[in-house]
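So the structure is just underneath, and the comments pick up after that.
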């Protein structure tokens, strides 16, 4: 399955991670009030492995009645949970963090199977960050009075949370850890293509002895998410996903007293100046757009290169892309895994074809795609202008648009000329330029001489159509406190 | 004087043109460089790839003895081991070279006679390099006259750090000339003393401009020797130099690489940075003697399915 580096005789033998570390049951229920139960109307759906299209399990599909039941359970649990001293809540969170660490290999393999992303990423990025988020917010649970939101800030109540399929377990951690630390209870809906790690997390909650009803997990489709968001007894809505759905949620919530945070799409600009550390910039560009097959809201999907180094940088980038290894996501040497779903693959394909039709020049390294599963070769487009659709629309796939600029002013103007504002990158050896440019970029995160670096202590969120509110860090507490 | 390849000939016209060129090279971001080296270190090399890598690594070892107490007997033993590293298994490949002080070259040459193993010699007042140029050149000529196939020279780090790049360039060029057509020149930067990655990249280009056949990290005599990051950086330099001039230069990390696992990580760096063209002992070497025994033990393990122990490989 591996596409070998054509430049080299040194072919790595396949090194797949064993599937035997994870035991996937043939079917799963909803997790409501501490118990796994069937959906009220008995509906189920299948979850498949995107790299092989193999059916992994059958999962109960939540409907409106289930949402109501879960919110009621969360409401009931809220009374006791919010009354616990912060140090007691911290104990549960620390316990969850440690169990996540203990089971990290199992969870990494599970996530790779269900999502299609390489084990190298679930093992080295997702799982360590999941544990780190629980540890970090566990540390805050008994120090809320010192977080800068008044002497004794209060929780909001029941949090309804809807998360996407690109980082299923990590997005769960971003949502659940601060909610529990601040004394809220949770009803969470994972995405319909990646429900499994959330259900394993439900098991971890039981293992940690978390009181019943504090965390409820409702696998399901958009209708369940909509019912959850609209439920009158939900006090706080947190959503990560597409801008279109985010707008619909904002309309639903408008006029109610629910608090809302939205983490939506992005079209991040990665700006490379002519004095950049070129080799590291190439790595940063690759990491910016091909990490998780580009299915990252803060992906650096627009590369802005200073004109004087365009050719040199593109040569380096193409050579580097030729060494990327696409194939079996469970293989430890795989860099590029499968696209999450047939639907997403179709969207990427359509937008890439549109880029070509609009006159941008398309390039992909020689790369054999596996026969089954959903695959898209790493692709870059040169000769792109601000007027091209691929420079404006979020593709959410391994597709990089390359634009050029001549002056820092032009770079800033182009970088900001987007409806989004989630992330940006600056590559230069000149420290004063980093500060000068970063302060003018309208993006929630600006990385300098690096890209796609995450840490629980660092707040994350967007400008404009990329949403509002912050997750992570001290700022992340605010969204779950009555301040 | 050796001629620098045409596209870059004029950069060595004066001290200032050379300085401007070297300081105009792309900078190195230390965090990014080390992160890349670490991520390549997580490549999993197994089964057939591992067997191939171990044999390749053995064939790239410069088996070295550089002690004040070296004796002809020790050098002969080293030569014998270089030709047949594993006395219990004659299929084990020979090492690339034996590396000795200049006065031991003739002995080493005899010890490896009839094999493909090269004799390398550390000339130029190794390891400090603190001697007048004429003495360094005499050192080199003596080694070449005794039959050395390769000369490992140390650069004048003092001159480099003082920014006297043309002086360093002229010295390397003079040594290259003293090597004549028969010996290949490896230029040792002592990266641990250059202290910054930017300096290592500049030194790499300086060495290549002056005619180095190989660029080498270190002497193995200081605290910080070869690391995945500095080797990755030098691999980028040789790759870029070939792209610009058409001239291919080899790379030799030296010192501190002790285990097969480490050696394989370095091969991954070569494979994914410079590419397959560098994956043989004409273009890549390990300056690491204790590494050989670990490679041999791993090789025996792959052949027999069992770990042996230090007594199943020779001490020197």
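Looking at region A:249-352, the strands (runs of 3 or more DSSP E) lying wholly inside it that each contain 2 or more residues that are out of contact with any helix residue (DSSP H, G or I) (no Cβ under 7 Å at 6 or more places or on another chain), more than 13 Å from chain B (Cβ to nearest Cβ) and at pLDDT 95 or above sit at A:259-263. Residues in region B:230-241: is at least one crowded, with 23+ Cβ neighbours inside 10 Å and in a loop (DSSP other than H, G, I, E, B)? No, there is no match, as no residue in region B:230-241 is crowded, with 23+ Cβ neighbours inside 10 Å and in a loop (DSSP other than H, G, I, E, B).
Once region A:434-483 is narrowed to residues that are within 13 Å of chain B (Cβ to nearest Cβ) and in contact with a helix residue (DSSP H, G or I) (Cβ under 7 Å, 6 or more places away or on another chain), the residue that is farthest from residue A:411 (Cα to Cα) is A:452. Does residue B:56 count as under 29 Å from residue B:155 (Cβ atoms), within 14 Å of chain A (Cβ to nearest Cβ), crowded, with 19+ Cβ neighbours inside 10 Å and at pLDDT 95 or above? Yes, satisfied. Within region B:31-50, the set of residues being at the interface with another protein chain (Cβ under 9 Å from one of its Cβ atoms) and in a helix (DSSP H, G or I) comprises B:31, B:32, B:33, B:35, B:36, B:39, B:47, B:48, B:49, B:50. Restricting attention to region A:353-373, the residues that are under 25 Å from residue A:315 (Cβ atoms) and touching a helix residue (DSSP H, G or I) at 6+ places or on another chain (Cβ under 7 Å) add up to 6. State which residue is surrounded by the most Cβ atoms within 10 Å (Cβ to Cβ) when the search covers only region A:31-51 and only residues that are within 22 Å of the chain's Cα centre (by Cα) and in a loop (DSSP other than H, G, I, E, B). Result: A:50.
Here residue B:276 fulfils each of the conditions (1) surrounded by fewer than 24 Cβ atoms within 10 Å (Cβ to Cβ); (2) touching a helix residue (DSSP H, G or I) at 6+ places or on another chain (Cβ under 8 Å); (3) within 14 Å of chain A (Cβ to nearest Cβ) apart from (2). The listed residues are A:31, A:45, A:94, A:135, and the only one of them that is out of contact with any helix residue (DSSP H, G or I) (no Cβ under 9 Å at 6 or more places or on another chain) and more than 14 Å from chain B (Cβ to nearest Cβ) turns out to be A:45. The single condition from (1) in contact with a helix residue (DSSP H, G or I) (Cβ under 6 Å, 6 or more places away or on another chain); (2) modelled with pLDDT under 95 that residue B:288 fails is (1). Of the residues making up region B:59-79, those that are more than 14 Å from every other protein chain (Cβ to nearest Cβ), part of a helix (DSSP H, G or I) and buried (at least 16 other Cβ atoms within 10 Å of the Cβ) are B:74, B:75, B:76, B:77, B:78, B:79. The set of residues in region B:67-82 that are closer than 30 Å to residue B:51 by Cα and more than 19 Å from the chain's Cα centre (by Cα) comprises B:74, B:75, B:76, B:77, B:80, B:81. The condition (being closer than 27 Å to residue A:18 by Cα and surrounded by fewer than 20 Cβ atoms within 10 Å (Cβ to Cβ)) is satisfied by just one residue among A:151, A:164, A:128, A:118: A:128.
The values are calculated or read from the model by the stated rules, or taken from the named source; none is laboratory data. On a predicted model such as this, the values are computed, not experimentally measured, just so you know. Using ideal geometry, Cβ is built from the backbone for each residue, glycine included, and neighbour counts are taken over all protein chains shown.
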